[in-house]
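Here is the structure we will look at, set down as structure tokens.
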Amino acid sequence: YTFFNPQIIKTSDKKELLEEGCLSVPKKFGKVDRYQKIILEGQDINGKKIKIKAWGLLAQVFQHEVNHLNGILFLDKAKESDIIKK
């Protein structure tokens, strides 16, 4: 998927504690509380407004990447006790 100026416009009430890693932080993993379902809105390459509903792994990935755009790493959201090195 390619989104420009993505924003999460709606989330489910339910969250799930999921393990994440990131190429920006090699060999570290941690558990992050993520919404199970989201609606993401943005623009396509032509500037047309697009909206997508995502759940499961795709919802987790979108939340992770939107956090990056906002200067947030998964380590900022993970509990320190949950961060492990592999």
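The values are calculated or read from the model by the stated rules, or taken from the named source; none is laboratory data. Remember, it's a predicted structure, so these values are computed and weren't measured experimentally. Glycine gets a Cβ as well: all are built from the backbone with ideal geometry, and neighbour counts include every protein chain shown. With ligands, DNA and RNA removed, areas are computed over all heavy atoms of the protein, side chains included. Shrake-Rupley method; radii C 1.70, N 1.55, O 1.52, S 1.80 Å.
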Within the range 32-86, of all residues that are in contact with a helix residue (DSSP H, G or I) (Cβ under 9 Å, 6 or more places away or on another chain) and of a type in the set (D, E), the one least open to solvent (accessible area, probe 1.4 Å) is D33
Meets criteria (over 20 Å from I8 (Cβ atoms) and surrounded by 13 or more Cβ atoms within 10 Å (Cβ to Cβ)) for E19: yes
